[in-house]
Amino acid sequence: MLSVQVGITPVDDDLYRELILDHYRNPRRRGSVDDADGSLEADNPLCGDEITLTWRLDGDRVSEIAFTGKGCSISQAAASMLCDQVAGLPRKDAVELARRYRQMLVADGRPDELGDLEALQGVRAYPVRVKCATLACSVLLRALDAVQEGDAA
Ligand code: ZN
């Protein structure tokens, strides 16, 4: 049974909603990376979401990445999905994936090989929740030194 603390998950599609709740309840890559090369945190005061990423690079590859945080199901599921998708990728590919994901949410980009993150596409219909869905993504782009003009939100 869903507990009340999960809150309202603004996604109409049942399969996508289940996937989001699964990541929320059983987060992948939750925790902290040992001997991390860096850590970075950010919050979304509109909703009370917090995400801290820790990561380790092996050359130009994101060899390990993990998150801790608290907040709504969207923010935590997005962090779980994102960390799981970018772990092991070359930094360039991780950045590219994070940007594609952001485009899907803020610029009506078509979901394109985003894996579980595609489940969050429905969130773009709820502008107040988009920041929940992009919080981990914003941290990741800053963490990988990939902030571009306009990425600051
Ligand atoms: Zn939130």
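So in region 18-54, with the set limited to residues that are farther than 13 Å from residue 136 by Cα and in contact (Cβ under 8 Å) with a residue 60 or more places away in the chain, which one is surrounded by the fewest Cβ atoms within 10 Å (Cβ to Cβ)?
46
Kindly list the number of the only condition in (1) touching a Gly at 6+ places or on another chain (Cβ under 6 Å); (2) assigned to a loop (DSSP other than H, G, I, E, B); (3) at pLDDT 95 or above that fails for residue 11.
(3)
Hey, among 112, 116, which residue is away from the ligand (no atom under 16 Å from the Cβ) and either touching a Lys or Arg at 6+ places or on another chain (Cβ under 6 Å) or open to solvent by 60 Å² or more (accessible area, probe 1.4 Å) (or both)?
Details: 116 fails: either touching a Lys or Arg at 6+ places or on another chain (Cβ under 6 Å) or open to solvent by 60 Å² or more (accessible area, probe 1.4 Å) (or both).
Unique residue meeting the criteria: 112.
Assess whether residue 85 counts as being touching a Gly at 6+ places or on another chain (Cβ under 6 Å), open to solvent by less than 70 Å² (accessible area, probe 1.4 Å) and free of Cβ contacts under 8 Å to residues at least 60 places away in the same chain.
For residue 85, the condition - touching a Gly at 6+ places or on another chain (Cβ under 6 Å), open to solvent by less than 70 Å² (accessible area, probe 1.4 Å) and free of Cβ contacts under 8 Å to residues at least 60 places away in the same chain - is met.
Would you point out the residue of region 50-74, among those that are within 17 Å of residue 31 (Cα to Cα) and of a type in the set (A, V, I, L, M), that is farthest from the chain's Cα centre (by Cα)?
That would be 57.
Tell me the residue from 107, 87 that is away from the ligand (no atom under 16 Å from the Cβ) and at pLDDT 95 or above, please.
Values: 107 fails: at pLDDT 95 or above.
Going through 107, 87 in turn, the sole match is 87.
Are any of the residues in region 63-74 in a loop (DSSP other than H, G, I, E, B), open to solvent by 10 Å² or more (accessible area, probe 1.4 Å), in contact with an Asp or Glu (Cβ under 7 Å, 6 or more places away or on another chain) and within 15 Å of the ligand (Cβ to nearest atom)? Lay out the reasoning, then the answer.
Our first condition is that a residue be in a loop (DSSP other than H, G, I, E, B); within region 63-74, this holds for 71-72.
With the extra rule that they be open to solvent by 10 Å² or more (accessible area, probe 1.4 Å), the set shrinks to 71-72.
Right, trim to in contact with an Asp or Glu (Cβ under 7 Å, 6 or more places away or on another chain) and you get 71-72.
Still in the running and within 15 Å of the ligand (Cβ to nearest atom): 71-72.
Yes; the residues of region 63-74 include at least one that is in a loop (DSSP other than H, G, I, E, B), open to solvent by 10 Å² or more (accessible area, probe 1.4 Å), in contact with an Asp or Glu (Cβ under 7 Å, 6 or more places away or on another chain) and within 15 Å of the ligand (Cβ to nearest atom).
The values are calculated or read from the model by the stated rules, or taken from the named source; none is laboratory data. What you see is a predicted model; the values in this text were computed from it and never measured. When we count neighbours, we look across all protein chains shown, and the Cβ atoms used for this are built from the backbone with ideal geometry, even at glycine. Ligands, DNA and RNA are excluded from the accessible area calculation, which covers all protein heavy atoms including side chains. Shrake-Rupley method; radii C 1.70, N 1.55, O 1.52, S 1.80 Å.
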